[in-house]
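Here is the structure we will look at.
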Amino acid sequence: MRINKFIAMLLAALAACIAGCASRGAPGPDVAANESAGAEYRIGPGDQLNIYVWNHPELSRDVPVRPDGRISTPLVEDIEVSGKTPTQLARDIEVKIGEYVRNPKVNVIVTNAHGTLSDQIRVVGQAAKPQALPFRNGMTLLDVMTTVGGLGEFAAGNRARIIRRVDGKQVQIRVRLKDLVQNGDISANVPMVPGDVLLIPESRF
């Protein structure tokens, strides 16, 4: 009798667990945003890089990333950097100069960031200063609005939306910019991900 009661309790617990898992469903765009918000910065044309080679000041340089996505430094000529993270580039340079320097240690710092086109955050429509912004780690909607100077005079902020690629598909996420920017409602703040497009429509009169 006790065994039957134990089995019944076990089956009930299993059924509750299955129901709970089913009710969660697939992660929505906000979950995808949180998972992607930690994406590391990728270098793009127009960036300014500080290449530091430890114990070798003659090999250290501040260099711009050319429009073709390449840079040149002492001992390293025309290396492709666009799309790489600073860490990846540092390791690539170590391999290149390792032919001339024993056990080189390289650090790459982005001192003026633009980012790759696919990583930029684009703000279009009724912002005070619509523009493309380089994505930064942990960037939020409030960060974006602060950079573009807030809403334009005729903006319909609470009808704005973010256009985002999620699992290869384009989705639209409604955001409440008026509540966030003008009313200080931090609950309307959301994380941004590389490649987001923020569309701010004009008010209907």
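For the reader, a short list of remarks on this structure follows.
- The strands (runs of 3 or more DSSP E) falling completely within the range 125-205 that include 3 or more residues that are closer than 30 Å to Asn112 by Cβ, in contact (Cβ under 8 Å) with a residue 40 or more places away in the chain and open to solvent by less than 50 Å² (accessible area, probe 1.4 Å) map to 197-200.
- Qualifying positions in the range 96-106 - in contact (Cβ under 8 Å) with a residue 40 or more places away in the chain and open to solvent by less than 80 Å² (accessible area, probe 1.4 Å): Ile97, Val101, Pro104, Val106
- Residue tally, condition touching a residue at least 24 places away in the same chain (Cβ under 8 Å) and among the acidic types (Asp, Glu), over the range 62-95: 1
The values are calculated or read from the model by the stated rules, or taken from the named source; none is laboratory data. Model, not experiment: these values are computed from the prediction. FYI the Cβ positions are ideal-geometry reconstructions off the backbone, even for glycines, and counts take in every protein chain you see. Heavy atoms of the whole protein, side chains included, go into the accessibility calculation; ligands, DNA and RNA do not. Shrake-Rupley method; radii C 1.70, N 1.55, O 1.52, S 1.80 Å.
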